[in-house]
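The values are calculated or read from the model by the stated rules, or taken from the named source; none is laboratory data. Since the model is a prediction, treat every value here as computed from it, not as a measurement. Glycine also receives a Cβ, built like all others from the backbone with ideal geometry; neighbour counts cover every protein chain displayed.
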Amino acid sequence: MSAPPDEVTDEVNILSPEAIRDPYRYFARVRDEHPVLWDPRYRSWLLTSHDVVSKGLRDARFSSDRIAPFIEYKLSGPDTDPLVRQAFTVLRNWMVFQDEPNHLRLRALVRRAFTQKSVVQMAERVRSLSNELLKNIDLSGGFDLIEKFAYPLPAMVIAEMLGVPVADRDRFKEWSDDIGTLVSAGLDDPDRYRRSAHAMDELIAFFRDLLRHYTKHPAANLITALIRARETDDSLSEAELIATCTLLLFGGHETTANLIANSILALIRHPDQMRVFREGRVPVRGAVEEFLRYDGPGKAVVRVLAEDAEFEGARMRQGQRVFMLLASANHDPAVFDSPDVLRLDRTAAKPHVAFGFGAHFCLGAALARLEASTALPIVVRALPGLRLADRELTWQPVFLTRGLRELWVEAGGSRP
């Protein structure tokens, strides 16, 4: 490998407690001087500035077929657990880990089912579920807003859209948390991988049964729409269909749960912006875009070099991993004035990259925006005394996503 132009020092560890707790201050140390640098600890390139991340997201040399080398590594041992093998094979079929033409084929399938119309039609249901969840919270003491609201709301929404029976929806969180271990670049833990593999096995069986049910008994839901889309595309296998269902489940609520919780935390920490938002003095949609920029649900996306490449002065080699730091790009002072300040009326010459863009722009972005823009005003108006409880905030110890384990709050014991 040719020597890269910059290397991080031993002091820089993207999975250190400091970086997990406050990635923005951490990334700012290197962004201005090192928009592209090599991290020897994780043997990966880091792209840190808005300009460089934006270019990287558009560059076809950075492959999304990024999980293949990881799968090969994990499955290389002769004694690999069959369930672990199965779990990674399912991930291999997720469209987010595919390049063209497979990515386009699978994305087209989901777009035929996951239409803008189907998302917009959920607005009233999101409103109703939000009010119902808040009504059931005991305000006499502190409570975990993630457990009581930020998680169940998007889980219920995507479950209804998929056609999952109500009785099975409580299983979603455990499945989703375990599967997240496989995809979010967390700390390597063999026991967690085994739990994840068992969760994936249960999820495969669950969706296989649902596919059989809705094949015989079609209904107005995403699974039926996927089945019908498959009928016009003989190239789609049952394994790909099941993998797509697991992706929609995981991606359909994890992102939104983190977005809602991070946004509420940001508002509590900025009382002036809380007042502005609660009183409706800024457009809700614009405020949600600022929440996405300020502390969005994703910190990075990963690509793998499909070929040797010269990129922004760095000589990269085929097979090397590249972390595109969305969180760093969204706090780049070259693009966003006072980027570490939450400003709900913010306008910027360039957009944030919280959902990426281009061929791999997040298909669930519209649903996440709809849920956040509907739910957040309801929360802050229903709970005017909302404040942090006296508990330490603990962030999920993963690199790709940005989410709290819990968000304990108090609301003054009464409703308006």
Among the residues of the stretch 15-31, what is the count of those that are in a loop (DSSP other than H, G, I, E, B) and free of Cβ contacts under 8 Å to residues at least 24 places away in the same chain? 2
Within the stretch 346-359, the count of residues that are buried (at least 19 other Cβ atoms within 10 Å of the Cβ) and either modelled with pLDDT under 75 or under 17 Å from residue 265 (Cβ atoms) (or both) comes to 1
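Please count how many residues of the stretch 369-416 are among the acidic types (Asp, Glu), under 24 Å from residue 275 (Cβ atoms) and assigned to a loop (DSSP other than H, G, I, E, B).
Selection size over the stretch 369-416: 1.
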In the stretch 113-146, anything charged (D, E, K, R) and within 20 Å of residue 253 (Cα to Cα) is listed as 117, 124, 125, 127, 132, 144
Six or more apart or on different chains, Cβ atoms under 8 Å: show the pairs whose first residue is in the stretch 91-106 and free of Cβ contacts under 8 Å to residues at least 24 places away in the same chain and whose second is surrounded by 19 or more Cβ atoms within 10 Å (Cβ to Cβ) and of a type outside the set (D, E, K, R). 102/95
Being surrounded by fewer than 24 Cβ atoms within 10 Å (Cβ to Cβ), among the polar types (S, T, N, Q) and within 22 Å of residue 58 (Cα to Cα), is that true of even one residue in the stretch 315-323? yes
Of all residues being of a type in the set (Ser, Thr, Tyr) and closer than 30 Å to residue 226 by Cα in the stretch 119-161, which is modelled with the lowest pLDDT? Just the residue, please. 151
Residues of the stretch 120-159 that turn out to be within 15 Å of residue 407 (Cβ to Cβ) and β-branched (Val, Ile, Thr), as a count: 2
On the basis of being within 25 Å of residue 35 (Cβ to Cβ) and outside any loop (DSSP other than H, G, I, E, B), does residue 328 make the cut? yes
Boolean, residue 202 is among the acidic types (Asp, Glu), part of a helix (DSSP H, G or I) and buried (at least 17 other Cβ atoms within 10 Å of the Cβ): no
Among the residues listed as 10, 65, the single one being modelled with pLDDT under 80, out of contact with any Ser or Thr (no Cβ under 8 Å at 6 or more places or on another chain) and surrounded by 15 or more Cβ atoms within 10 Å (Cβ to Cβ): 65
What are the pairs, 6+ residues apart or on separate chains, where a residue within the stretch 307-336 that is under 23 Å from residue 28 (Cα atoms) has its Cβ under 6 Å from a residue that is of a type in the set (Phe, Trp, Tyr) and surrounded by fewer than 21 Cβ atoms within 10 Å (Cβ to Cβ)? 331/24
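Within the stretch 259-318, restricting attention to residues that are in a helix (DSSP H, G or I) and in contact with an Asp or Glu (Cβ under 6 Å, 6 or more places away or on another chain), which residue is farthest from residue 384 (Cα to Cα)?
Out of the qualifying residues, it is 262.
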